[in-house]
1. From the Cα gyration tensor of segment A:327-477, with a ≥ b ≥ c the square roots of its eigenvalues, which class applies: rounded if a/c is under 1.5, or else prolate if a/b is larger than b/c, or else oblate?
2. Tell me, what is the FRET efficiency for B:Lys3 and A:Asp301 to the nearest 0.05, using R0 = 60 angstrom and their Cβ-Cβ distance as r?
3. Using the alpha-carbon atoms, what tilt in degrees (0 to 90, nearest 10) does helix B:3-17 show relative to the longest principal axis of chain B?
4. Provide the per-residue ³J(HN,Hα) series for segment A:396-406, in order, calculated from phi with Karplus coefficients 6.51, -1.76, 1.60 and θ = phi - 60°, each as a whole number of Hz, with x at glycine and proline positions.
5. Considering only protein heavy atoms and a 1.4 Å probe, what is the carbon-and-sulfur percentage of the accessible area of chain A?
6. From the backbone phi of segment A:58-75, what are the Karplus-calculated ³J(HN,Hα) couplings (6.51 cos²θ - 1.76 cosθ + 1.60, θ = phi - 60°) in whole Hz, Gly and Pro given as x?
7. Grab the beta carbon distance between A:Arg254 and A:Leu148, set R0 = 41 Å, and tell me the FRET efficiency rounded to 0.05.
8. Using helices alone, I'd like the mean residue ellipticity at 222 nm for the protein assembly as shown: each DSSP H run of four-plus residues gives -39500 (n - 2.57), total over residue count, nearest 500.
Amino acid sequence: MVRRPREDQYDFLIIGAGMAGMAAAIRLGHFGKKVLLLERHAIIGGLNSFYKQDGRKYDVGLHAVTNYVPAGTKRAPLTKLLRQLRISHADLGLSPQNVSRVAFPGHDLRFSNDFALLESEVARVFPKEIDRFRSLTEKVKSFDELDLQGPKLSARKILSEELHDPLLIDMLLCPLMYYGSAKEGDMDFYQFVIMFKALFLEGFARPFEGVRHITQLLLRRMRELPVERIMNCGVQSLRAEEGEIKEVLLENGRVVRADCILSTIGSVETAALVENDVPFLRQNDEETPRLSFVETISVFDQQPVDWGWDETIVFFNDQEEFAYEQPDNLVDPRSGVICFPNNYQYPDEKTLAEGFLRITCLANYDRWIALPEDIYKEEKARWFEEMVRSARRFLPPLADAEIEKHQVGTDMFTPRTITKYTGHLGGAVYGAPEKIRDGKTPYRNLVLAGTDQGFLGITGSMLSGISMANLHGLQSG
Amino acid sequence: MTKEECKQVVIDIINDIAPDEDTTDLKPDVRLRDQLDLDSMDFLDIVMELRKQHGIEVPEADYQQLASLDSCAEYLTPKFNEKKAV
Ligand SMILES: Cc1cc2nc3c(=O)[nH]c(=O)nc-3n(C[C@H](O)[C@H](O)[C@H](O)COP(=O)(O)OP(=O)(O)OC[C@H]3O[C@@H](n4cnc5c(N)ncnc54)[C@H](O)[C@@H]3O)c2cc1C
């Protein structure tokens, strides 16, 4: 019998160097496990990375780090996450937001990192609902959203029992869905609780240098630990036998083995790597669309606040009822998210060198993918205008000429871009609609973390990496 | 190793993994969870550090033995002493 050389045998193999994969690697590396982290792309960060265009660095996926709490706050997910990765709060360099808003026709709800503001806004706009809103808040606070085994519950159903005004329900759901729902129309109540805490009870913050600051921090931490990292080298396939992944074939031709494989690339994406796959996770998946988004970025040679645009994030919707679903059209500009990365309380009143306006709207992946190259460019340009026009209806007014005069750059990415750079099917940002909370697959040593395990966003995906590493890696010995 | 020394080992580990917690006035007979902001993930870190720093194994079935400083000392001191004897 041929014995495998020791260097091809790992305790853990992690697929994907996004937030979830890096957090898991740090956790496992910390306890002396032999870890191999594989990333198909040339840079780390996945959905939360950055890129360079026309000599300018753009963040891909950072409007706001959610779950922000000040240093030393007990029992908060951010505190847990930092402790588990042994990173200090100060190192994360987070600056809190100014103020954000949910903007619906004729109604505005402002909120900030102080929950009292949202409470007073609900009392002002929905005076009849305030007591019910307070009791909903208590219910959310005492709910154990981290129970990995709990039953699936509909957030809309529970909200319609707790609150009476459908407008208030939609205004609460709008930001929570945009920042963390992989499902159309409704949310899982667990996910609702996670997001309500993350956005309203906790809050938004951002490092001055953007997402690079966080990815660099994770990279430095990994370098101190026994984590081997290979970039530009994806996993080609997983060879299964007797309910176990026996061998992993890498894109560079190498074959490795691992006691446990943690995949952060998505459930169906992972299943697709398994050769001789017993049908796994494919059943209901194709029927439900994955939600994808477009994002526009406008760069100005002045600060947004000079135009009176002083808020951090604005979630807007111009319809009577809020529709969070895959549009028939390329883009649904009726609702979306506006973000001004400039509008955080940076230390020493520092300001970003340029002004940024970012707008996110729901998009249709299939339609974007079907476009021929020349039309793709045209459509991008057309929807760019359309989205900026739609979003500006919810901001203090400004002459078109003023924008033109100060605009020094633009960029836009589409569902096509997301799939190209992260491999997520359907341009999905939040992964498959159905989550697998315990991360288990039909294979004993193959575990899911990140997007499809169910904790979403930057903080969520790191927590997912940590908790799956703990549950399947460290706890089981 | 005495039970007091053993308690100090556990306190040192807690200081390592949760530098923002105040461990100066811990009551030895009260559950650590009731005095500090520690969750099951943190207990896992205590177990891992015992293994990493001291070569002491705590099987999952015995995690509840680490509830308070007194119970830690009761459970861990013999393990430390056995190890020394080998
Ligand atoms: C436009 C946009 C805005 C966003 N804004 C925010 C925000 O403001 N706040 C927030 O909290 N979150 C935001 N998010 C969401 C957040 O970025 C994601 O939830 C999070 O980064 C997901 O991390 P992950 O590690 O689970 O997955 P990913 O980041 O997708 O990591 C998976 C990694 O696996 C790699 N990979 C894929 N296939 C293979 C293979 N076969 N072999 C090896 N590697 C492979 C991919 O290249 C990728 O790096 C945003 C996302 C987008 C797109």
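The values are calculated or read from the model by the stated rules, or taken from the named source; none is laboratory data. Computed from a predicted model, the values in this text were never measured in an experiment. All Cβ positions, even for glycine, are placed from backbone atoms using ideal geometry, and neighbour counts span all protein chains on display. Please note that ligands, DNA and RNA were not included when accessible areas were found on the heavy atoms of the full protein model with its side chains. Shrake-Rupley method; radii C 1.70, N 1.55, O 1.52, S 1.80 Å.
1. oblate
2. On the way: r = 68 Å, r/R0 = 1.14.
In this case the efficiency is close to 0.30.
3. Tilt relative to chain B: about 50 degrees.
4. Listing the rounded values in order: x, x, 7, 6, 3, 4, 5, 4, 4, 4, 9 Hz.
5. Details: 9560 of 19100 Å².
The nonpolar share, carbon plus sulfur, comes to 50 percent.
6. Karplus-based 3J(HN,Hα) across segment A:58-75 equals 10, 6, 7, x, 10, 8, 8, 7, 7, 6, 5, 9, x, 3, x, 5, 6, 6 Hz.
7. Calculated value: 0.75.
8. Details: 19 runs with 200 residues, N = 563.
Value at 222 nm, helices only: -10500 deg cm²/dmol.
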